[in-house]
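K.L.:
The structure that follows is given in the form of structure tokens.
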Amino acid sequence: MLKETFIQLLTNYTDNNGLTNELWTEIEKNYTSKKRHYHTLLHLDTILIQLTEVKKEIQNWETILFTLYYHDIIYNPLKSDNEEKSAELAEKRMKQVLVPIDIIELCKQQILATKSHIKSTDSDTNYFTDADLSVLGQSWEKYSDYYKNVRKEYSIYPDFVYNPGRKKVLNHFLTMDRIFKTDFFYDKFERQAKHNLQMEIELL
């Protein structure tokens, strides 16, 4: 589904099949890196499923799709500029297939919004960041798989370094007025997300 959706997306901008396949191969290679345990193709697939549920509410579906594929294309747990690097690569690749500049700029803004997950004035951005965080509101079993996979990605750090940092992130979400900015995702996930976050904190 991910590959087909990406190729279909690019046919709106280029008829260069070689370039389209090259760009998909790059996405696939990055998201299937052995160093990744959570930020994988499965993560993208989950977001796509969540967004498809609210497709009728999305103003620019094609922009959202570009954001989906490129928002975590650069991911290094040792760096704090992954979103910026991902946005830069997204811009470069989108220019290669002649995507209009207004779509590129909005895509970059959406990617950067995943750094803080604060409410945006753009409703599409809020739908995307909510879908990106949808794992927080899954069943405890699925949430447990998520936080364990995140820990694997940060395995270079010992517990005494990782745990305080992780608690800070979890408390950041818990102190928000709303984790999920859109009513759809708020109603669907907010209560369970707060329960899961608190449970993980207690385990750290």
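The values are calculated or read from the model by the stated rules, or taken from the named source; none is laboratory data. Fair warning: this is a prediction, and the values are worked out from it, not measured in the lab. Don't worry about glycine lacking a Cβ; one is built from the backbone with ideal geometry, like all the others, and counts go over all protein chains shown.
K.L.:
Would it be correct to say that Lys181 is under 20 Å from the mean Cα position of the chain (by Cα), under 21 Å from Thr114 (Cα atoms), in the same structural domain as Asn196 (by TED's automatic domain parsing) and surrounded by fewer than 12 Cβ atoms within 10 Å (Cβ to Cβ)?
P.N.:
no
K.L.:
Is there a residue in segment 104-112 that is surrounded by fewer than 15 Cβ atoms within 10 Å (Cβ to Cβ), in the same structural domain as Gln8 (by TED's automatic domain parsing), of a type in the set (A, V, I, L, M) and at pLDDT 95 or above?
P.N.:
No, that holds for no residue.
K.L.:
Moving on to the next point. Output the number of the condition that Tyr13 fails; it satisfies all remaining conditions of (1) more than 17 Å from the chain's Cα centre (by Cα); (2) within 17 Å of Asn149 (Cβ to Cβ).
P.N.:
(2)
K.L.:
Shifting gears a bit: For the structure I just gave you, tell me whether Thr40 is in the same structural domain as Gln96 (by TED's automatic domain parsing), over 17 Å from the mean Cα position of the chain (by Cα) and crowded, with 17+ Cβ neighbours inside 10 Å.
P.N.:
no
K.L.:
Kindly establish whether Ile27 is in a helix (DSSP H, G or I), surrounded by fewer than 16 Cβ atoms within 10 Å (Cβ to Cβ), modelled with pLDDT of 95 or more and of a type in the set (A, V, I, L, M).
P.N.:
It is false that Ile27 is in a helix (DSSP H, G or I), surrounded by fewer than 16 Cβ atoms within 10 Å (Cβ to Cβ), modelled with pLDDT of 95 or more and of a type in the set (A, V, I, L, M).
K.L.:
Given the conditions (1) of a type outside the set (A, V, I, L, M, F, W, C); (2) touching an Asp or Glu at 6+ places or on another chain (Cβ under 7 Å); (3) farther than 23 Å from Lys35 by Cα, report the number of the one that Tyr147 does not fulfil.
P.N.:
(3)
K.L.:
Another question, then. Report yes if some residue within segment 131-148 is in contact with a Gly (Cβ under 9 Å, 6 or more places away or on another chain), over 25 Å from Ala193 (Cα atoms) and either without any contact (Cβ under 8 Å) to a residue 12 or more places away in the chain or not assigned by TED's automatic domain parsing to the domain that holds Leu51 (or both); otherwise report no.
P.N.:
The answer is no; no qualifying residue exists.
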